[in-house]
1. How many percent of DSSP beta bridges within the chain run antiparallel, rounded to 5?
2. Enter the angle in degrees (range 0 to 90, nearest 10) between the Cα long axis of helix 101-111 and the first principal axis of the Cα atoms of the chain, meaning the one along which they spread out most.
3. Which longest uninterrupted range of the chain lacks any trypsin sites (Lys or Arg not before Pro) assigned by DSSP to a loop state (not H, G, I, E or B) and surrounded by at most 11 other Cβ atoms within 10 Å?
4. Using a ≥ b ≥ c from the Cα gyration tensor of segment 45-86 (square roots of the eigenvalues), is it rounded, prolate or oblate, where a/c under 1.5 gives rounded and otherwise the larger of a/b and b/c decides, a/b for prolate?
5. Run the numbers on the chain and let me know its relative contact order in percent, using alpha-carbon pairs under 8 Å that are six or more apart.
6. Looking at the chain as a GNM with Cα springs under 10 Å, which of G139, G63, G122 has the largest mean-square fluctuation?
7. Rounded to a whole number, what % of the accessible area of the chain do carbon and sulfur atoms account for, probe 1.4 Å?
8. Please build a GNM for the chain, connecting alpha carbons under 10 Å apart, and tell me which residue among D53, D45, D85 fluctuates the most.
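The values are calculated or read from the model by the stated rules, or taken from the named source; none is laboratory data. Quantities reported herein were computed from a predicted structural model and do not represent experimental measurements. With ideal geometry, Cβ positions are generated from the backbone for all residues, glycine too; neighbour counts draw on all protein chains shown. Only protein heavy atoms, including side chains, enter the accessible area calculation; ligands, DNA and RNA are left aside. Shrake-Rupley method; radii C 1.70, N 1.55, O 1.52, S 1.80 Å.
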Amino acid sequence: MTTTTVNPVLRVAPASPAVAAAHFRASLALYTDVSDVAAALASGDGPGFVLADSRSAEAWDQGHVPGALHLPTARITERAADLLDPAVPVVTYCWGPGCDGAARAALALAELGYRVKEMLGGFEYWVREGFAYETPRGGERRAADLLTAVVDSDACGC
């Protein structure tokens, strides 16, 4: 008698291709990444969305993405209608993967009727990927962290 051990990855079978495609399509409708946001902001046509930083004033002053709108989560209900066009999608971000502030901001905006996505990685990965950011002292940039940023654009394949 042979006993077969199933490894932890396959203990629960992968979803069917149709279920997986639906899941990942839905995921891409809700999330974007730092590199795609940077590319959209750098395009000459305008990004087609508003980038909203949902962090506190103190965090904003430590650094924020150039062109971002400062809209702390706690002030969304009172300020969104004055600052945002309901026809223009909003992309939210907070500190980074360990913070759910961007998700809370995205929920608040969605509940007000805005189309919204969350920028995965937040400000942390913006900086780690070597993109410029703004502070009260002016523009700054750190060297890209080679564990997060792909220097050779062909290496990632994204």
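1. Here the antiparallel bridges make up roughly 25 percent for the chain.
2. It works out to around 80 degrees.
3. Result for the longest clean stretch: 12-136.
4. Note, shape of segment 45-86 comes out oblate.
5. Relative contact order for the chain comes out at 22 percent.
6. Its mean-square fluctuation being the largest, the pick is G139.
7. After summing per-atom areas, the C and S share lands at 57 percent.
8. Fluctuation is largest for D45.
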